[in-house]
Amino acid sequence: MNTHDLPDRFDPWPQGIEPDVPVPGYTNTWTHTPSQPPQRRPVSRTEATGPLDLQRKLPCDEANLAQLAPGKIAIGQLMHLAGRILDEDGRPVRGAVVELWQANAAGRYYNPIDQRDAPLDPNFVGNGRVRTDEEGRYAFFTIKPGAYPVPVKETWWRPPHIHFSILGPSSLSRLVTQMYFPGDPLNEFDRILHATPDAAARGRLIARHLPPAEVGDQWLGFTHDIVLRGRHATPQTP
Amino acid sequence: MPADAPLPPTSQETIGPFFPRTLFREGDNDLTRVASDAAPTGRGEAILLRGQVTREGGFPCLNMILEAWQADAGGRFDHPLDPERHLADPDFLGWGRAWTDEDGQFEFRTVLPGGYTDGTGRRAPHVNLTAMGAGLMRRVLTTAFFPDFPAENLTDPVLALLPEHLRGRLVAHPDGEAEGLRVFRFDIRLRGSVDEETPFFED
Ligand SMILES: [Fe+3]
């Protein structure tokens, strides 16, 4: 990898894309969100760089969440989810670490913190980690997650969603986000999705369904691209 | 789309309370090893960087995810944007991830970083930290400096952005020794009064 592959210009977040905080009705945000605005700082080398060789620390070989072992298939609608990780110039981010976690088909996480009275699936842990290929592509085989009520006082139902964590080539391009499903009636009521003010930005958090002709007829198909911050100050040499 | 029009970045959203413990492995919070089965680097002084994450009222935050990124003991990064990459420590990763326990406590094992000079000026030795968790829709970013370098801290171009009375909040405190290493404490207050709250930076 040479410098031409790496973004070194980080503009501030465009308006309306970052969630507005704290979020009305999401009580924890009122005790956790800093009250002071964050300080702008120049992008020094520490911010522009990031770990490039993380796969030794974080093994990136978990792409199949739906089948832990031969014959042990998770309950739910099998789903193939794939897409690309891009930078703000639309160039593929190669070698990015993509982590994904989600609830099972009953909307329960395999996590001791999730104490909700919904069934656990012995064949579903619900997390994976892969590295993007030369075209910035990632792919997971999983099941469609269920909805769940948020464990806060004045609850609401979170629509089915997938959590994503992406470690790109710089520490400023680090991104944690969520992905939603098109047409779900709960999307409209989700306080987390609607914390993002810009409607087009919210729309970009929703995956696109792919018909069986494109992904096969044994599982649902979805595609979802994610854009990390960062541009190239140096024009690309053809 | 015109050639210069950038793609808008994907919005960040909260990491939530359920970031899987199954994605953690022993040694993820150890920056001194490039892999869990690799030997730690022999360069620089190994240290422990510890702290507590609290929210409004001083209550501890459980299951916050923290990530650290820093230069090696010589102030270099194993990254193409560092002109001295060829001199970077091949046995030092510079990245680690920790999560807080019931008492909001986290710990990183790392080496005392070196400073460097770039387009922004002379950077004092520092560790960039980011914290994510339930209740945080956007991650927060801050930087830990070290009391060993008072002269360097005085001229650091990032630390200088803060009002003088807040700069000390970004300098870790010596906190004894453990496992034969010097311990530095860097507590993070997410929300509080202006004087309580940790200064954070835009991402
Ligand atoms: Fe969730």
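The values are calculated or read from the model by the stated rules, or taken from the named source; none is laboratory data. A quick note: this is a predicted structure, and the numbers were derived from the prediction, not measured. Don't worry about glycine lacking a Cβ; one is built from the backbone with ideal geometry, like all the others, and counts go over all protein chains shown. Side chains included, ligands, DNA and RNA excluded: accessible areas come from the protein's heavy atoms. Shrake-Rupley method; radii C 1.70, N 1.55, O 1.52, S 1.80 Å.
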How large a share of the accessible area of segment B:61-203, in percent, is made up of carbon and sulfur atoms when the probe is 1.4 Å and the other protein chains stay in place? 51
Considering only protein heavy atoms, with the full assembly of protein chains and a 1.4 angstrom probe, order A:227, A:125 by accessible area, largest first. A:125, A:227
Modelled FRET efficiency - R0 45 Å, residue B:102 with residue A:133, Cβ distances, 0.05 increments: 0.65
Which residues belonging to segment B:57-82 lose at least 50 Å² of 1.4 Å-probe accessible area when the assembly is complete, relative to their chain isolated? B:69, B:79, B:80, B:81
Using protein chains only (no ligands, no nucleic acids) and a 1.4 Å probe, work out which residues of segment A:175-215 have their accessible area cut by at least 20 Å² relative to the chain alone. A:175, A:176, A:177, A:178, A:192, A:204, A:205
Tell me the label-point distance for the pair residue A:13, residue B:154, using the 7 Å Cα-to-Cβ offset, in nm and rounded to one decimal. 3.7
Could you give the size of the charge dipole of segment B:21-189 about its Cα centre, using +1 on the Cβ of each K and R and -1 on the Cβ of each D and E, expressed in debye and rounded to the nearest 20? 480
Would you mind getting me the FRET efficiency between residue A:184 and residue B:35? Use the beta-carbon distance for r and R0 = 41 Å, nearest 0.05. 0.55
Dipole of segment A:128-238 (Lys/Arg Cβ +1, Asp/Glu Cβ -1, origin at the Cα centre): which of A:136, A:167, A:156 lies farthest to the positive side? A:167
Translational D (Stokes-Einstein, µm²/s) of segment A:95-161 at 25 °C and 0.890 mPa s when Rh comes from the Kirkwood sum over C-alpha pairs? 184
Spin-label model distance (nm) - residue A:223 vs residue B:120, 7 Å beyond Cα toward Cβ: 3.8
Grab the beta carbon distance between residue A:233 and residue A:113, set R0 = 35 Å, and tell me the FRET efficiency rounded to 0.05. 0.25
If I model a spin label at residue A:152 and residue A:208 as a point 7 Å from the Cα along the Cα→Cβ vector, what separation in nanometres do I get? 3.3
Computed over chain A, protein heavy atoms only, probe 1.4 angstrom, the accessible area per residue in square angstrom equals 44
Amide hydrogen neighbours beyond the local backbone of residue B:116, cut-off 5 Å, H modeled: B:123
In chain A, if the dipole is taken from +1 on Lys/Arg beta carbons and -1 on Asp/Glu beta carbons about the Cα centre, which of A:127, A:220, A:81 is farthest to the positive end? A:127
Chain B - convex hull of the alpha-carbon atoms, volume per residue in Å³: 163
For residue B:192, enumerate residues with amide H under 5 Å from its amide H, sequence gap 5+ or separate chain, H modeled in the peptide plane. A:35, B:197
Would you mind working out the magnitude of the charge dipole of the protein assembly as shown relative to its Cα centre, with +1 at each Lys and Arg C-beta and -1 at each Asp and Glu C-beta, to the nearest 20 Debye? 420
In sequence order, calculated HN-Hα J values of segment A:142-150 (Karplus, 6.51, -1.76, 1.60; Hz; x Gly/Pro): 8, 10, 6, x, x, 7, 8, x, 6
In square angstrom and rounded to 100, what buried accessible area do you get between chains A and B, total over both, with the probe at 1.4 Å? 7400
Per the 1.4 Å probe, what fraction of the accessible area of segment A:1-150, in percent, lies on carbon and sulfur atoms? 50
